[in-house]
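The values are calculated or read from the model by the stated rules, or taken from the named source; none is laboratory data. These numbers come from a predicted model, not from an experiment. Every residue, glycine as well, gets a Cβ built from its backbone with ideal geometry; the counts of neighbours run over all protein chains shown.
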Amino acid sequence: MNFRKALIMMAAILVAAAVILFNLNDRLEAPDPEDIEQYYRETMYYQELEDGSVQCEICFRECIIPLGEVGFCRNRRNVGGTLYNIVHNRPSAVQRDPVEKEPQHHFLPGSEILCIGTASCNFRCKFCQNWSLSQQSIDEVGRTRDLTPEEAVQRAVDAGIPTISFTYNEPTVFYEYMYETAKIAQEEGLNVIFHSNGSMNPAPLRDLLQHVDAVTIDLKGFSDEFYSDVSGAELEPVLQTLRIIREEGVWLEIVNLVVPTYNDDPGEIREMCAWIYNELGPQVPLHFSRFFPAYQLTDLSPTPVETLEEAHRIAREEGLSYVSIGNVPGHEYNSTFCPECDLQLIGRYHFTVTAYRIDDEGRCPECGEEIPGVWQ
């Protein structure tokens with residue numbers, strides 16, 4: 001009886017070892033050469049290590065990736081000691097949207113953007129609104145299309161769309177695809193914007209910003225604990241990104257998704273607004289966005305409108321000039337007002353511009369206040 005048990009245990013161990021070996025071989029198996037040619041692009045920021053591993057340098061994680069493996073973001077794969085971005089030329093989402101949806105409120109209001117996203121992310125936000133793209137690998141997402149940077153730019157040109165936006169999932173994890181497309185778009189006279197979690201390392205960020213006209217950054221909260229527990233990330237790299245964007249003179253807007261019981265503490269919101277005022281200046285637009293149950297936080301209720309209105313009041317008290325409330329169609333504070341005379345400058349209903357009163361010199365027509373942004 002004991003001998004039989006020993007045989008069963010040995011068989012189980014052999015089966016487990018075979019499964020591990022099978023999985024290892026599956027990971028180390030070389031990709032199809034056609035896939036490498038069409039969908040892989042050697043990454044721009046990494047180091048080769050002595051054992052065949054590589055260290056990615058695109059974001060704050062700086063993953064060390066062994067042969068055959070992928071990094072935390074699932075999109076960067078070590079093939080034979082070379083690090084590849086494996087989502088090049090194959091976006092998972094391509095569509096035209098109003099620029100207000102990004103959101104960008106001070107960048108060509110009422111215009112359209114051609115939005116491009118791929119798969120996966122280097123954060124693990126429990127509240128992610130686009131989790132079906134950002135929290136899955138390219139193979140898990142499944143739906144992709146072939147679209148080179150040249151084809152993406154030509155599509156925008158043919159449609160008369162003035163701006164390409166990289167959004168939906170985190171653009172940092174498809175950096176090379178974004179960078180190449182942005183350079184070509186710039187050469188063709190198009191605008192470029194991207195919507196990011198703000199985790200890119202300084203060197204790639206500064207290089208990219210040379211080909212970018214505007215950026216939307218998600219400032220998801222204002223504590224290390226929130227970023228660690230809810231997003232699986234860190235706060236300081238995001239603050240560093242915000243400073244760099246301002247230093248480089250690229251138009252910046254910030255979004256804070258207010259999640260009930262997680263980041264809606266008035267004291268923390270006030271601290272965040274004070275930091276924005278002191279470090280970035282009062283003219284950076286701040287969007288407080290309403291949370292709706294999604295992904296791993298489906299047990300929560302939507303953010304009370306009163307909470308968003310209190311956040312708006314706090315931001316204005318802390319000296320921020322342009323504060324809006326998003327995801328509440330019809331709310332007064334989804335529009336833009338002059339900080340001096342309180343005239344409604346840009347009226348909005350959700351993502352639709354209903355009124356536009358900024359003059360040709362980018363000023364309030366009532367009091368002459370200069371309104372920062374990129375205007376018609």
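Checking each residue in the range 235-266 for being among the charged types (D, E, K, R) and in contact with a Lys or Arg (Cβ under 9 Å, 6 or more places away or on another chain) picks out 247, 248. Annotation note: of 311, 294, 274, the sole residue that is among the small types (Gly, Ala, Ser) and in contact with a Gly (Cβ under 9 Å, 6 or more places away or on another chain) is 274. Of all residues in the range 42-87, those that are crowded, with 22+ Cβ neighbours inside 10 Å and within 14 Å of residue 178 (Cα to Cα) total 6. From the list 220, 183, the lone residue that is over 18 Å from the mean Cα position of the chain (by Cα) and of a type in the set (Lys, Arg) is 183. Highlighted here are the strands (runs of 3 or more DSSP E) found entirely within the range 321-376 that include at least 2 residues which are among the polar types (S, T, N, Q) and under 29 Å from the mean Cα position of the chain (by Cα): 352-356. Among the residues making up the range 294-338, those that are under 18 Å from residue 373 (Cα atoms), out of contact with any helix residue (DSSP H, G or I) (no Cβ under 8 Å at 6 or more places or on another chain) and either touching a residue at least 40 places away in the same chain (Cβ under 8 Å) or of a type in the set (S, T, N, Q) (or both) are 321, 322, 334, 335, 336. If you go through the range 266-304 and keep only what is under 17 Å from residue 255 (Cβ atoms) and of a type in the set (Val, Ile, Thr), you end up with 269, 276, 284, 303.
Consider the range 259-282 and keep the residues that are aliphatic (A, V, I, L, M) and crowded, with 18+ Cβ neighbours inside 10 Å. The one that is farthest from residue 228 (Cα to Cα) is 280. Considering the range 219-247, and only residues there that are of a type in the set (D, E, K, R) and more than 14 Å from residue 279 (Cα to Cα), the residue that is surrounded by the fewest Cβ atoms within 10 Å (Cβ to Cβ) turns out to be 225. Considering the conditions (1) closer than 26 Å to residue 215 by Cβ; (2) surrounded by fewer than 19 Cβ atoms within 10 Å (Cβ to Cβ), residue 341 is excluded by exactly one of them, (1). Residues of the range 237-265 that are touching a residue at least 24 places away in the same chain (Cβ under 8 Å) and of a type in the set (Asp, Glu): 248, 253, 264.
Within the range 129-145, the set of residues being under 12 Å from the mean Cα position of the chain (by Cα) and assigned to a loop (DSSP other than H, G, I, E, B) comprises 129, 130. Of the listed requirements (1) surrounded by fewer than 21 Cβ atoms within 10 Å (Cβ to Cβ); (2) modelled with pLDDT of 95 or more, residue 144 misses just one: (2).
Being more than 19 Å from residue 87 (Cβ to Cβ) and under 13 Å from the mean Cα position of the chain (by Cα) is the requirement here; does residue 239 meet it? Walk me through how you get there before you give the answer.
Values: more than 19 Å from residue 87 (Cβ to Cβ): yes; under 13 Å from the mean Cα position of the chain (by Cα): no.
Taking the combined requirement at face value, the residue does not satisfy it.
In the range 136-150, the residues that are basic (Lys, Arg) form Cβ pairs under 7 Å with partners that are not in a loop (DSSP other than H, G, I, E, B), at six or more places apart or across chains, as follows: 145/94.
Could you identify the single residue in 98, 103, 91 that is within 21 Å of residue 193 (Cβ to Cβ), of a type outside the set (Phe, Trp, Tyr), surrounded by 17 or more Cβ atoms within 10 Å (Cβ to Cβ) and touching a His at 6+ places or on another chain (Cβ under 7 Å)? Explain how you work it out, then say what you get.
Details: 98 fails: touching a His at 6+ places or on another chain (Cβ under 7 Å); 91 fails: touching a His at 6+ places or on another chain (Cβ under 7 Å).
None of the others qualify; the one that does is 103.
Can you say whether residue 335 is crowded, with 19+ Cβ neighbours inside 10 Å and hydroxyl-bearing (Ser, Thr, Tyr), as far as the supplied structure shows?
Values: crowded, with 19+ Cβ neighbours inside 10 Å: no; hydroxyl-bearing (Ser, Thr, Tyr): yes.
Taking the combined requirement at face value, the residue does not satisfy it.
Within this structure, residue 155 fails the test of being at pLDDT below 95 and either more than 19 Å from the chain's Cα centre (by Cα) or under 16 Å from residue 59 (Cβ atoms) (or both).
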